[in-house]
Ligand SMILES: Cc1cc2nc3c(=O)[nH]c(=O)nc-3n(C[C@H](O)[C@H](O)[C@H](O)COP(=O)(O)OP(=O)(O)OC[C@H]3O[C@@H](n4cnc5c(N)ncnc54)[C@H](O)[C@@H]3O)c2cc1C
């Protein structure tokens, strides 16, 4: 049995773990051991469906110290006029370079691939190689870092939550690029970003909208990608911030908040006749929404209980099924709800959302905060954690924690100065555009509404909650 010693043991080399380690190593002289069950860094992107792309610009995804992509504005296709969005292959290649060149290259990070974290006892933390079965004991001088807690649930590692007869062809989305027989049509199951990506890809690839049936139990509110643009287009993102704070200052509840954002075109929905009840922070363009609206066979009978060659069964009845249809299971949750925990505890860090959306920005913020001070209570005040439950009703709760953290970090000179230049911060180029009247209007509105937003949110949902202490990291 091998034994090693380190300052930080980080479990999980996905977007969360990589952004944390990069920020920590850049801002301190810490030594880190990073472990992952997978063979390389990248987390769920290593198993993603082949037509997936980031739903936000690459310009603020990844880690702080290395650019992802070329910060180019696309000139054609559904993303025309917006900053480029990386494919899964680009993201995985990027994380491999970050690991090899920047992290391991620093001489202060060791990566144990194909290694499952198994827990801690009096001897230390235990990691087992999934190839050899060999165990390594790791003695941790400072902290264990759980970078698995907000991990995504993805289609390729998910079982359908309904009964499927053996003669029904049900596939995850990544099988669509490798079909044997041509199906008579496609039934896409799910209401989230994966289902939208799948429908859009089928349409872009030439499938007639009339051949697609979409089983969409609930409709989501989505961020309009037009307002998620950084760098030279940062005025758009500052407008989003301003409209967000105005809504937070005035909204009675989550539904009211979403309708206020929709009135400003910042939130969009697929069907203007249906009031969405889901919010997971996903982003979409007007062009993609327009394409999705061409699919007219939308079934809203709730969640499927079972599929046979003759029927699709729902809680309140059934509809007929075409035995030659291909069913595409897009019901994996993607971003999962979690119980918020303290980010900083004695001997432990749990990486969670501390920024509204943008997992890597949260991971890096936690890394930079850890490097900046010693006291866990002080660090938790800078990084209140929250979750995306998926429910519109909970938007005010996540906004209170998200905006509260933003204000606290802005008032901390060290963390604020790090954040001002952090490439994962979509607003980082705003100071260079203060002469733009749109940016100036947004900054004035943000200043005018910040206090009122916190006051209204606290009145509606109460003050900060006491998070539940961390539990065990599940092993494989
Ligand atoms: C299709 C899709 C698109 C998305 N697009 C965006 C986007 O544009 N912007 C955005 O901010 N977010 C996006 N998200 C949200 C997404 O959750 C994050 O961006 C991010 O990739 C999640 O990273 P993670 O490190 O938290 O989790 P994961 O990528 O799941 O990584 C967790 C890692 O932990 C490892 N692990 C778990 N348990 C153990 C153990 N016991 N021992 C060892 N290793 C372990 C796993 O092998 C895995 O590699 C998207 C999600 C999906 C599914």
Peptide ranges 442-452, 384-394, 304-314, 158-168 listed from the most packed, as the mean C-beta count within 10 angstrom indicates: 384-394, 304-314, 442-452, 158-168
Cβ-Cβ FRET estimate between residue 141 and residue 377, R0 fixed at 25 Å, reported to 0.05: 0.75
Could you calculate the FRET efficiency of residue 70 with residue 420 from 1/(1 + (r/R0)^6), where r is the beta carbon distance between them and R0 is 22 Å, rounded to 0.05? 0.45
Return the percentage of antiparallel bridges among DSSP beta bridges fully within the chain, rounded to the nearest 5 %. 40 percent
I'd like to compare 119-130, 190-201: which one has the highest average count of other Cβ atoms within 10 Å, and what's the full order after that? 190-201, 119-130
In whole percent, what relative contact order does the range 301-456 give with Cα contacts below 8 Å and a gap of six or more residues? 16 percent
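Highest mean first, how do 42-51, 284-293 rank when packing is the count of other Cβ atoms within 10 Å averaged over residues?
On the way: 42-51: 20.5, 284-293: 17.9.
In decreasing order of mean packing, 42-51, 284-293 become 42-51, 284-293.
Counting helices only, and only those DSSP H runs with n ≥ 4, report the 222 nm mean residue ellipticity of the chain as the sum of -39,500 (n - 2.57) divided by its residues, in deg cm²/dmol to the nearest 500. Mind dumping the intermediate values first?
Values: 11 runs with 140 residues, N = 476.
For the chain, the value works out to -9500 deg cm²/dmol.
So if we plug the beta-carbon distance of residue 455 and residue 336 into 1/(1 + (r/R0)^6) with R0 = 41 Å, what FRET efficiency do we get, rounded to 0.05? Before the final figure, lay out each step's value.
Working: r = 31 Å, r/R0 = 0.76.
The pair residue 455/residue 336 has a calculated efficiency of 0.85.
Can you give the extra length, in nm with one decimal, that the chain gains between residue 175 and residue 121 once fully stretched, where that is 0.36 nm per residue apart less the Cα-Cα distance? Write out the running numbers ahead of the final one.
Working: separation 54, 0.36 × 54 = 19.44 nm, distance 4.24 nm.
Here the segment from residue 175 to residue 121 would lengthen by 15.2 nm.
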Find how much the distance from residue 218 to residue 114 grows on full extension, using 0.36 nm per residue of separation minus their present alpha carbon separation; answer in nm with one decimal. 33.7 nm
Two-site label geometry, residue 253 and residue 232: point separation in nm, points 7 Å out along Cα→Cβ: 4.5 nm
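Values quoted throughout were computed directly from the atomic coordinates according to the rules given, and no laboratory measurement underlies them. These numbers come from a predicted model, not from an experiment. Positions of Cβ are backbone-derived with ideal geometry, glycine not excepted, and every protein chain shown enters the neighbour counts.
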